[in-house]
1. Out of the residues in the range 1-39 meeting the condition of being closer than 18 Å to Q201 by Cα and of a type in the set (F, W, Y), tell me which one is nearest to the chain's Cα centre (by Cα).
2. Inside the range 17-28, can you point out the residues that are of a type outside the set (G, A, S) and in contact with a strand residue (DSSP E or B) (Cβ under 9 Å, 6 or more places away or on another chain)?
3. Failed condition for L157, given (1) out of contact with any Leu (no Cβ under 8 Å at 6 or more places or on another chain); (2) at pLDDT below 95, with all others met?
4. Determine whether A131 is in a helix (DSSP H, G or I), of a type in the set (A, V, I, L, M, F, W, C) and either modelled with pLDDT under 95 or more than 18 Å from E54 (Cβ to Cβ) (or both).
5. Quickly run through the range 1-57 and pick out the residues that are among the acidic types (D, E) and in contact (Cβ under 8 Å) with a residue 24 or more places away in the chain.
6. Looking for something assigned to a helix (DSSP H, G or I), crowded, with 17+ Cβ neighbours inside 10 Å, touching a residue at least 40 places away in the same chain (Cβ under 8 Å) and not small (G, A, S) - is there at least one such residue anywhere in the range 103-121?
7. For a quick check of your reading: which strands (runs of 3 or more DSSP E) sit entirely within the range 1-76 and have at least 2 residues that are closer than 17 Å to M140 by Cβ and small (G, A, S)?
8. Looking for something more than 20 Å from S150 (Cα to Cα), modelled with pLDDT of 95 or more and either out of contact with any Ser or Thr (no Cβ under 8 Å at 6 or more places or on another chain) or crowded, with 21+ Cβ neighbours inside 10 Å (or both) - is there at least one such residue anywhere in the range 66-76?
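The values are calculated or read from the model by the stated rules, or taken from the named source; none is laboratory data. No experiment lies behind these values; they were computed from the predicted model shown. Here Cβ is always computed from backbone atoms with ideal geometry, including for glycine, and neighbour counts include all displayed protein chains.
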Amino acid sequence: MKARLFLASDSTCQSYQEKDAPQAGWGQYLSDYLNGYTVFNHAIGGRSTRTFIEEGRLEVIDKAIIEGDYLLVQMGHNDATKEKPERYTEPYKDYKEFLKKYIEVAKTNKAIPILITPVARFHYVSGEFLADFGDYCNAMKEVAEQEECSLIDLMSLSIKQLREVGFNEAKTYYMVDVNGTDHTHFTVKGANQIAKIIADQLQMILK
């Protein structure tokens, strides 16, 4: 039986239909870079740590996940939207508490939680790619340390990737290259690059 990975995340990770192409999420390609793992992608757009739980999506994972499985949690983009109070979370208060609920679900079922910091947006100013969601990244790192939970610092890793390839190539990773406006969501190329980064990190953690 293949090891199983459950993904709890947002639109940067979710699986898209053909009609949405070329928009894509890294979760739909993760299994392409991992041998021997089955991926169950529960990611869905617009959700924060709060609303994913309130809508019963974590409960669905709770009922399915078993001993030896992994729960990957990448949240933060929608937690940071103060203009949408129904999904906003304060980084060092309820965001941390909600993250602990995901960890609890994994550990209660004898599964292994892995936290993943928010992925970089295409945010380029004065010749530099900027890392957003700093408080959420820091808060997640604090939770990982407190809960003795593995963490993938995807913000740092994705920014490093963008710097390495440069502005013109990095732009093709995002839908802004297609529609001129969307600096958050990935193209198929970008989603694959992020999936590769996460797969490389997972192979070190899962050994």
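1. This residue is W26.
2. Across the range 17-28, the qualifying residues are P22, Q23, W26, Q28.
3. (2)
4. When the stated conditions are applied, A131 does not pass them.
5. D10, D32 - these are the residues of the range 1-57 that are among the acidic types (D, E) and in contact (Cβ under 8 Å) with a residue 24 or more places away in the chain.
6. Yes.
7. none
8. Taking every residue of the range 66-76 in turn, none turns out to be more than 20 Å from S150 (Cα to Cα), modelled with pLDDT of 95 or more and either out of contact with any Ser or Thr (no Cβ under 8 Å at 6 or more places or on another chain) or crowded, with 21+ Cβ neighbours inside 10 Å (or both).
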